[in-house]
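Engineer: Before anything else, here's the structure in question.
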């Protein structure tokens, strides 16, 4: 038969093994939960960064639209093709503006200015908003002038609308988040 001391010595080893296994399982669960939390934190940061870049690019886009729609601008700006133009002529800008490096934007684009002015210096008008290094920048391109007259050929100077394509680029909270947005804007001049 079994005596009590033999049974006790066998059980004490089993308890140690079972407790170590339980400790191992709990450690693995804690590490998994920690890793999942860290991943969610990174995803939230990346989402915030992308949203910040998009909202910043939208601010640049609206700034360009306000400059074209300024009531003080009584005649259409004359499109040009070189240097930093207020309005570029059609097909002068590169086809894919989203692929242009920061140096291209600094040389050709206008920077965001909250006071409705043409700001050529890439600055920090939006400082304190979490942007990485620079304000949003935009370029304006004249697309087409469409007359309102239905007669061919039009008689006299008919009123017309000029369509502009405004493209804005911005960075988010880091240099890895970038957004480029575009809009088409129509303006009628007297």
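Engineer: Among the residues of region 99-120, count how many are under 14 Å from residue 83 (Cβ atoms), in contact with a helix residue (DSSP H, G or I) (Cβ under 9 Å, 6 or more places away or on another chain) and assigned to a loop (DSSP other than H, G, I, E, B).
Structural biologist: Adding up the residues that qualify gives 2.
Engineer: Need the failing condition index for residue 124 against (1) modelled with pLDDT of 90 or more; (2) over 20 Å from residue 186 (Cα atoms); (3) surrounded by 13 or more Cβ atoms within 10 Å (Cβ to Cβ), just the number.
Structural biologist: (1)
Engineer: Exactly one condition in (1) at pLDDT 85 or above; (2) surrounded by fewer than 11 Cβ atoms within 10 Å (Cβ to Cβ); (3) under 16 Å from the mean Cα position of the chain (by Cα) is not met by residue 95; state its number.
Structural biologist: Only one criterion is unmet by residue 95, namely (3).
Engineer: Within region 56-85, track down each residue that is surrounded by 15 or more Cβ atoms within 10 Å (Cβ to Cβ) and touching a strand residue (DSSP E or B) at 6+ places or on another chain (Cβ under 7 Å).
Structural biologist: 56, 57, 58, 60, 61, 63, 64, 65, 68, 76, 79
Engineer: Say whether the condition of being closer than 28 Å to residue 134 by Cα, touching a residue at least 40 places away in the same chain (Cβ under 8 Å) and touching a strand residue (DSSP E or B) at 6+ places or on another chain (Cβ under 7 Å) is met by at least one residue in region 33-53.
Structural biologist: yes
Every residue, every condition in (1) crowded, with 20+ Cβ neighbours inside 10 Å; (2) under 22 Å from the mean Cα position of the chain (by Cα); (3) modelled with pLDDT of 85 or more; (4) in a strand (DSSP E or B), yes or no:
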position: 130; (1), (2), (3), (4): no, yes, no, no
position: 141; (1), (2), (3), (4): yes, yes, yes, yes
position: 149; (1), (2), (3), (4): no, no, no, no
position: 155; (1), (2), (3), (4): no, no, no, no
position: 164; (1), (2), (3), (4): yes, yes, yes, yes
position: 168; (1), (2), (3), (4): yes, yes, yes, yes
position: 175; (1), (2), (3), (4): no, yes, no, no
position: 179; (1), (2), (3), (4): yes, yes, yes, yes
position: 190; (1), (2), (3), (4): no, no, no, no
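Engineer: Identify the single condition in (1) buried (at least 16 other Cβ atoms within 10 Å of the Cβ); (2) at pLDDT 90 or above that residue 89 does not satisfy, given that it satisfies every other one.
Structural biologist: (1)
Engineer: Same structure, new question: Could you list, in sequence order, the residues of region 57-93 that are touching a residue at least 40 places away in the same chain (Cβ under 8 Å) and not in a loop (DSSP other than H, G, I, E, B)?
Structural biologist: Of everything in region 57-93, those that are touching a residue at least 40 places away in the same chain (Cβ under 8 Å) and not in a loop (DSSP other than H, G, I, E, B) turn out to be 57, 58, 59, 60, 61, 63, 64, 65, 66, 67, 68, 88.
The values are calculated or read from the model by the stated rules, or taken from the named source; none is laboratory data. Fair warning: this is a prediction, and the values are worked out from it, not measured in the lab. Here the Cβ is made from the backbone with ideal geometry for all residues, glycine too, and neighbour counts use every protein chain on show.
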